[in-house]
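Just so you know, all these numbers are worked out from the coordinates, no wet-lab data involved. Predicted model, so just to flag it, every value in this text is computed and none were measured. Backbone-built Cβ (ideal geometry, glycine too); neighbour counts: all protein chains shown.
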Amino acid sequence: MSSSSQPVPSRPSDVQRYLSFFSSTARAIRLVWETDRRLLVAMAGLTVVAGLLPAAMAVVGQRIVDAVVAAQQGGASTTTALGWVALEGLLVATMAGVRRANDVSQNLLRAQLGHRVNLLIIDKARKLDLSQFEDAQTYDQMTQARRGASTRPLSLVRRTFGIFRNGLSLVSYGALLLSFSPVAVVLLALTALPAFFIETRFADLGFRLFTWRSPEKRMQNYLEIVVSREDYAKEVKLLGIGPMLMERYNAIFHDVFGEEATLIRKRGVWGYAISLLSTLALYGTYAWIALSAMANAITLGQMTMYLMVFKQGQGAFSGVLRDLGGMYEDNLYLDNLYQFLETEVPAWPGTATTGTIDGDGIRFEEVSFTYPGATEPALDGLTLHIPPGRKLALVGHNGSGKTTLIKLLTGLYRPSSGTIRIDGRPLQEWDRVALHARVGVIFQDFVRYQFKVGDNIGVGDLKRMDDPAQRAAAAEKGMARTFIEAMPQSYDTQLGRWFKDGRELSGGQWQKIALSRAFMREEANILVLDEPTSAMDAEAEAEIFSRVQSLAEDKLAILISHRFSTVRMADEIVVLAQGRIVEQGDHATLMEQDGQYAHLFSLQAKGYQ
Ligand code: ADP
């Protein structure tokens, strides 16, 4: 929770604000156009009708009064007045139909538009670089974008149409009012302006508050997750931190709410002051129109019409203002959304699918890497050659850079300096898909997909995902076949607790599933096991590694492990410390050297005696 560390967004100039306003609106309309053209056209048509009907009704109202007065004085027939009444009834019925049709269109659009925006967000998220994923600012943008995805774009479109509708009404009112007095038209417009500025200013403040507070809101989300996720429940209960988490959750709310409340109150006070202004204008004009009627300058019917037009005109104006204020917030949301969608993902230009020196294996040449924001490099000038077929073990204390090496090798991060080559070709020249197809990795924190067993293994190779023989073979290699086939639904067993009838596995069983998934990638000739066996006993781990050695004879394998009983089986052992290689060689050589490896090995061996 460090709102203080977040840069405070600078306040855009008013001109900038109004400009960005229109660009986002155009984008929202384009979004709707791409989602459902027919609905957009229908809504536009309905808007025009709904915009013009009120003025028509005002005119008919005038005709009714004038016809009645004329009939009273014997100058017109009763049927004329009744005819006008019937017409007004018809117009009202039409208006109701138009409103209903508009509601229906909006509801139809809401779900589709929400889906579309969510798709855009997910699609972008999937393309982000790992480093961008880990960047708090991008993450904030994504969270904010997701929060309003299903409401904001529609709201923007709805409000845009609202403004058009009210705008049309206003123009038609203005035309009618003009025959009374141009001054009245100007008056009508003038009383609206202050409200417009006040509205957008508060909307801006509101959104800026929302943006600054995003890290806190994210912490709140996170606290919710900690309390509500089943895989956290064990620890949360035992530690008894539930109340503490709730307290934090609550504190964040009150902290944020305090500022929001101030803003809401201020907005209320200003809003009232502004509305007093329009009331004053309304009743001033009211008196003026009444005086004109008394002086016989206008008919009674005209008086009714002008009063109605002026009153409704003000209503339409405040509708426009309300929509503008709301639209402003929607626009800011959309700005954020598009900023996120337009986040540049560093290009991966490579297209090569073969190396330049066949059978050269992997080479790290003076590779260094520093995490964004870190002061110390995680890898520091590392040089290493791993020929094909070699079984290499990486050892070293926690934080010595083992996982980082794997992340660089798989292209998830790019080296800060130095080159990584596969078969002679620098990593970035490889086609990313071809590169990933060559590597099968199981990370320490591999994913426990809440899918069926078969899919959990199958996703290792999408091309063969549904091939039962392939799955069974992979499960066999990963030592998962026996326990899978012992389950009543075998490969169709739902795993995890998120879904109905899901079955939870033990840590070791999950690891065997992950291992089978890696074996699914038959084309992969580089196999990486990043402590995948930590939840297994030493014996099972040794068995898995010897399996990798025998099953994947021609494959290059990299094993990260803290168990020296397994590590010793490797062809070559590399000892890392602070991102550098400190020892390298096979077990016998390293024991002879009597350095760090020999020390750690005998320490662990003693523990087993
Ligand atoms: P190992 O796998 O050997 O335990 P890592 O490669 O995970 O070590 O970490 C090497 C160093 O990089 C450590 O100092 C660790 O704190 C740091 N580090 C690891 N991951 C990140 C990350 N995503 N962002 C910043 N620093 C990281």
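Applying 1/(1 + (r/R0)^6) with R0 = 25 Å to the Cβ-Cβ distance of Ala44 and Phe499, what FRET efficiency is obtained, to the nearest 0.05?
Taking R0 as 25 Å, the efficiency between Ala44 and Phe499 is 0.05.
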Self-check item: Furthest towards positive pole of dipole, Met303, Gly418, Met520, structure part the chain, Cβ charges
Solution: Met303
Quiz item: Length gain on complete extension for the stretch Arg201 to Glu485, per 0.36 nm per residue less the alpha carbon to alpha carbon distance?
Solution: 95.8 nm
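What dipole magnitude, in Debye to the nearest 20, does the stretch 102-152 give about its Cα centre under +1 on Lys/Arg Cβ and -1 on Asp/Glu Cβ?
Result for the stretch 102-152 is approximately 220 debye, rounded to the nearest 20.
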Quiz item: Taking the Cα centre of the stretch 10-341 as the origin and placing charges on Cβ (Lys, Arg +1; Asp, Glu -1), which of Trp212, Ala44, Gly75 is farthest toward the positive end of the dipole?
Solution: Gly75
Self-check item: Relative contact order %, the chain, counting alpha carbon pairs below 8 Å whose residues are six or more apart
Solution: 14 percent
Self-check item: For the stretch 183-316, convex hull volume per residue from C-alpha positions, Å³
Solution: 129 Å³
Quiz prompt | Spread of Cα-to-Cα distances over 20 Å intervals beginning at zero, given as percent, for the stretch 10-341 | solution = 24, 46, 23, 7, 0
Quiz item: Based on the Cα gyration tensor of the stretch 317-467, what are the three equivalent ellipsoid semi-axes, each the root of five times an eigenvalue, rounded to whole Å and given largest first?
Solution: 41, 23, 18
Quiz prompt | Nearest-ten-degree value, helix 507-520 long axis tilted from longest Cα axis of the chain | solution = 90 degrees
Self-check item: Paramagnetic reach from Glu259 (point 7 Å along Cα→Cβ, amide N under 17 Å) across the stretch 213-232
Solution: 213-221
Quiz prompt | Theoretical gain in end-to-end length, Thr354 to Leu551 [0.36 nm per residue, Cα-Cα removed] | solution = 68.5 nm
Quiz item: Considering only Gly325, Ile264, Asn107, whose Cα is most displaced toward the positive end of the charge dipole of the stretch 10-341, charges sitting on Cβ of Lys, Arg (+1) and Asp, Glu (-1)?
Solution: Asn107
Self-check item: Sorted by Cβ neighbour density within 10 Å, fewest at the top, the residues Ser77, Ser550, Ser561
Solution: Ser550, Ser77, Ser561
Self-check item: Point-charge dipole on Cβ atoms (K/R +1, D/E -1) for the stretch 425-572, about Cα centre, debye to 20
Solution: 320 debye
Quiz prompt | With Cα atoms, 0 to 90° folded angle of helix 596-608 axis to the chain main axis | solution = 80 degrees
Quiz prompt | Cα centroid of the stretch 568-604 to Cα centroid of the stretch 341-416, whole Å | solution = 21 Å
Quiz prompt | Cβ-based exposure ranking for Val575, Val69, in which fewest neighbours within 10 Å come first | solution = Val69, Val575
Quiz prompt | Distance histogram in 10 Å bins (all Cα pairs of the chain, percent per bin) | solution = 3, 12, 17, 18, 15, 11, 9, 7, 5, 3, 1, 0, 0
Quiz item: Against the longest alpha carbon principal axis of the chain, how many degrees, from 0 to 90 and to the nearest 10, is the axis of helix 538-551 turned?
Solution: 90 degrees
Self-check item: Theoretical FRET efficiency, 1/(1+(r/R0)^6), r = Cβ-Cβ of Ile122 and Ser179, R0 56 Å, to 0.05
Solution: 0.50
Quiz item: Got a sec? How would Ser516, Ser417 order by Cβ neighbour count within 10 Å, fewest to most?
Solution: Ser417, Ser516
Self-check item: Test item: Cα-centred dipole of the chain, Lys/Arg +1 and Asp/Glu -1 on Cβ, debye
Solution: 2460 debye
Quiz prompt | Met244-Ser506 FRET efficiency (beta carbon distance; Förster radius 35 Å; 0.05 resolution) | solution = 0.70
Practice problem: Using only Cα atoms, locate the centre of the stretch 306-321 and the centre of the stretch 85-114, then give the distance between them in Å, rounded to an integer. | Solution: 20 Å
Quiz item: Between Trp212 and Glu522, what length in nm is gained on full extension when 0.36 nm per residue of separation is reduced by their alpha carbon distance?
Solution: 106.8 nm
Self-check item: Cα-projected label distance for Leu277 with Tyr222, points at 7 Å along beta-carbon direction, nm
Solution: 4.5 nm
Practice problem: Among DSSP beta bridges lying fully in the chain, give the percent that are antiparallel, nearest 5. | Solution: 45 percent
Quiz prompt | Ellipticity estimate at 222 nm from DSSP helix runs (n ≥ 4, -39,500 (n - 2.57)) divided over the chain, nearest 500 | solution = -21500 deg cm²/dmol
